[in-house]
Every structure is written in C-alpha cells, then in structure tokens.
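Note sheet for the following structure.
The values are calculated or read from the model by the stated rules, or taken from the named source; none is laboratory data. The structure presented is a predicted model; accordingly, all values stated were derived computationally and were not measured. Note that we place each Cβ from the backbone using ideal geometry, even for glycine, and neighbour counts take in every protein chain shown. Ligands, DNA and RNA are stripped out before the accessible areas are found, and what is left, the full protein with its side chains, is counted by its heavy atoms. Shrake-Rupley method; radii C 1.70, N 1.55, O 1.52, S 1.80 Å.
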Amino acid sequence: MIRAATGVGIPMPDQEVWSALAATRVEIRPDCPLGPQTTIRLGGVATALARPRNLDELVRVLKAANELGIEVRFLGAGSNLVVVTDRVPSLVIHTKRLDWIVREDGGVRCGGGANLVSTIRRTVKWGLAGLEGLAGIPATVGGAVAMNAGGKYAEIAEFVRSVTLLSLDGTARDVPGDALGFRYRGADLGGAIVAEVRLALAEGVPYRLRKRFRSILAEKAASQPLSEWTAGCVFKNPGCESAGRLIDRAGLKGSSVGGAAVSQVHANFIVNTGQGKAQDFVALAGKVQATVASRFGVELEPEVVIWS
Ligand code: EPU
C-alpha cells in the first residue's frame with residue numbers, strides 16, 4: 001500500500017506564532033490551498049505557506065520556524081508530490097521565487113527554486129550543453145537535485161558541481177556534488193533545503209542543443225501524458241524492470257477509482273481526470289500495487305512523495 005509519510009505537525013496557528021512569522025517580513029499566506037501548486041492538482045491547504053524571495057528571507061523564515069518549533073516542509077514545482085490530507089499543519093516553504101539563473105565560468109548558478117525548464121532553455125541559448133537531456137521533466141532545480149531527477153538521457157547528478165544547503169536552523173553550507181550521495185531518484189541532503197545549485201556544463205552549439213532538446217521532448221510527449229494532471233511516474237522502476245511495463249502487462253491501463261485513472265499513454269502515471277480526490281489516487285495506487293504484487297510477485301515502491 002502507499003503509505004502517507006507521517007510528520008509531527010505542530011498545530012497552528014496561535015497568535016504568538018503568527019506574530020513571530022510576521023516579524024520575518026517574508027510573505028506568508030495562511031490556509032493556502034496546495035492543489036494548485038502541484039501538477040496533479042490534488043490536496044488540501046497548508047496552515048501557512050511562505051514565499052521567500054531571496055536567501056536572506058529564506059534564512060529568516062527557517063530561523064523563525066526553528067525557534068518556534070514549527071514543522072517545516074519544502075515545496076518546489078509540486079511535480080512529484082501528492083498531498084493526501086485536507087490540512088498540512090506545517091509551515092510550507094515554497095521555493096518558487098528563489099529563481100535566479102546566472103551564467104558563470106563553466107556553467108550556471110541557480111536558485112533552488114529556478115524552474116528546470118527555464119534553466120534548460122537558458123543554458124541551451126547560452127551554448128552550454130548537458131541539461132537538454134532533462135527535457136520534459138517538470139521541476140525546480142533544487143527539487144531535481146533532491147530527487148536526482150533524470151530519464152533515459154541524463155540525470156541532474158552528472159552536472160552538479162556544488163550546492164548551498166540550508167539546515168533547518170538556517171545554517172548554510174556548501175557541499176560538492178560528489179558528496180551528496182546521489183543514487184537512482186535520490187540524494188542525501190540530511191533534511192536540508194537546496195538554496196542554490198552550481199551546475200558544470202560543457203561548451204556546445206546552441207543549434208545542436210536545441211535540436212537535441214526538441215527531439216527528447218518529442219519522444220517524451222509521445223510516450224508520457226505530459227499535458228495531463230499527473231505527479232510524474234508514481235512508482236520507482238524495480239531493479240531492471242520497468243514499473244510501467246508491469247502495470248501495463250497486468251492490464252491496468254485505463255482502470256480508475258473515482259477521478260483518478262491509470263494513464264492510457266504510460267501505465268506508471270496516474271491522471272487526475274479533473275474531479276479526482278486525493279483518496280482516489282491513494283486507492284488506485286494501492287490497487288495497482290496489489291495487482292502487480294499478485295501477478296508478478298513484485299512490490300512496487302512509490303517514487304512520488306506523499307504528504308499527509
Ligand atoms: N512500457 C509499456 N507500457 C507502458 C509504459 C512503458 O510497455 O505503459 C514499456 C516501454 O515500451 C518500454 C519500457 O516499458 O519498453 C520502459 O518504458 P519507458 O521508456 O517509458 O521508461 P520507464 O522506465 O517507464 C523511466 C523513468 C521516467 C523517464 C523515462 C524516460 C522511472 C520510474 N521512470 O520510465 O521518469 O521519463 O524512463 O527516460 O524511473 C519520472 O521519474 O517521473 C519519470 C517519468
């Protein structure tokens with residue numbers, strides 16, 4: 001079964017907490033709906049959602065939350081996240097405005113909230129090669145590092161020169177890419193937030209990079225439901241097998257629970273058809289796991305992050 005991660009949410013708000021958060025002068029929204037901030041468009045509200053615009057603001061809000069003992073969660077592009085609860089009783093830090101992309105010697109430096117697609121387009125234009133292999137992956141650069149986002153042609157780990165991580169108490173440290181414990185769809189960040197990323201990219205010819213970008217994007221668009229509401233691949237590939245192929249062979253394409261359906265295009269995607277509820281997603285994912293386990297003896301492990 002897909003199990004929701006349990007966090008020790010601290011009930012909010014109380015007046016003291018709100019005053020202390022307001023004193024950070026960071027934009028903080030109460031009772032903020034999370035569904036519109038996720039690509040699958042599911043989920044309830046965050047008790048508080050902070051939108052820091054720069055590293056100073058990020059440090060201030062982290063320090064305040066740490067001093068108040070409030071649970072913090074990080075939200076980037078919301079492209080690999082399913083919020084299954086009506087309320088996330090935490091301070092959600094939305095990184096989207098940490099979105100700078102700066103060219104520097106041998107690559108780029110980006111804010112953790114920089115949009116990956118924008119970053120790819122920018123680097124292609126600048127004649128910097130590598131990121132075009134990540135075409136079609138919706139993410140922020142920080143989220144992509146945290147999950148080691150990738151596909152057939154590249155993984156972001158290949159390009160990470162170093163990152164600036166902020167611990168929950170707001171302390172910054174620079175860590176080289178090769179000390180981040182990158183693995184298949186994962187990295188070891190020790191619970192810290194990716195504030196800034198430096199990517200090492202080779203010189204390339206913009207025209208050729210653009211061509212490669214377009215061809216990878218076209219290949220993805222033909223094999224994945226890119227324009228529908230999904231959270232990307234739901235399950236990790238087990239060993240050398242493909243989760244999508246197993247789900248497909250189990251005859252599950254098109255099967256549905258309420259407004260959640262297994263994609264007809266790629267069986268490892270669950271689509272919110274418009275009226276989907278988070279519980280539909282959970283029930284359908286559980287059905288997929290149970291069916292694949294009984295047909296093939298394979299336990300599928302979620303790739304998506306579940307917030308409860
Ligand atoms: N297949 C089916 N039916 C399906 C889907 C796939 O038979 O419904 C078959 C394909 O025909 C192919 C094989 O399964 O022979 C593998 O499929 P695909 O090339 O689509 O790759 P995948 O292993 O399913 C992985 C990543 C994707 C990434 C693609 C392309 C995982 C879990 N999935 O998918 O990543 O985009 O390769 O590089 O690692 C993601 O992480 O969110 C994601 C979508």
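Quick notes on this structure:
- Calculated FRET value between Tyr153 and Arg53, using beta carbons and R₀ = 25 Å, to 0.05: 0.15
- Based on alpha-carbon atoms, the Kirkwood radius and the radius of gyration of the chain give Rg/Rh equal to 0.97.
- Estimated FRET transfer efficiency (Val265, Ser215; beta-carbon r; R0 25 Å; 0.05): 0.85
- Once you divide the Cα radius of gyration of the range 72-129 by 2.2 N^0.38 Å, the number left is 1.43.
- The chain, relative contact order in percent, only Cα pairs under 8 angstrom and at least six apart counted: 19 percent
- Expressed as a whole percent, the accessible surface of the range 124-209 that belongs to carbon and sulfur atoms is 55, based on a 1.4 Å probe.
- Expressed as a whole percent, the accessible area of the range 210-273 that falls on carbon and sulfur atoms is 50 (1.4 Å probe).
- GNM remark for the chain: springs join alpha carbons under 10 Å apart, and the peak mean-square fluctuation among Ala283, Ala202, Ala187 falls on Ala202.
- Nitroxide proxy distance, nm - points 7 Å out along Cα→Cβ at Glu301 and Asp86: 3.4 nm
- Probe 1.4 Å, protein heavy atoms only - accessible area per residue of the chain in square angstrom: 45 Å²
- Simple spin-label estimate for Ser223 and Ala200 in nanometres, 7 Å along Cα-Cβ: 2.9 nm
- C-alpha center-to-center spacing [the range 245-278, the range 141-158] in angstrom: 25 Å
- Label zone at Lys277 (point 7 Å along Cα-to-Cβ), backbone N below 14 Å, the range 72-96: 84-87
- Rounded to the nearest 0.05, the FRET efficiency derived from the C-beta distance between Lys125 and Ala290 at R0 = 51 Å is 0.60.
- Residues in the range 188-211 reached by a label modelled at Val102 [backbone nitrogen below 15 Å; 7 Å Cα→Cβ]: 195-199
- Theoretical gain in end-to-end length, Ser118 to Ala20 [0.36 nm per residue, Cα-Cα removed]: 31.8 nm
- When each full DSSP H helix of the chain is screened for a Cα extent of at least 24 Å along its own axis and an average Kyte-Doolittle hydropathy of at least 0.5, the helices passing are 278-296.
- For the pair Asp169 and Ser242 in one chain, pulling the backbone fully straight at 0.36 nm per residue adds 22.3 nm over the alpha carbon distance.
- Structure note, pairs Lys236/Lys277; Lys125/Lys220; Lys211/Lys236; Lys152/Lys211: Cα-Cα distances above 19 angstrom occur for Lys236/Lys277; Lys125/Lys220; Lys211/Lys236.
- Mean ellipticity per residue at 222 nm, deg cm²/dmol - from DSSP H runs of n ≥ 4 across the chain, formula -39500 (n - 2.57): -8500 deg cm²/dmol
- Stretch in the chain that is longest and holds no GluC sites (Glu not before Pro) that DSSP places in a loop and that have at most 15 other beta carbons within 10 Å: 28-240
- Separation of the Tyr207 and Asp188 label points, Cα + 7 Å toward Cβ, nm: 4.6 nm
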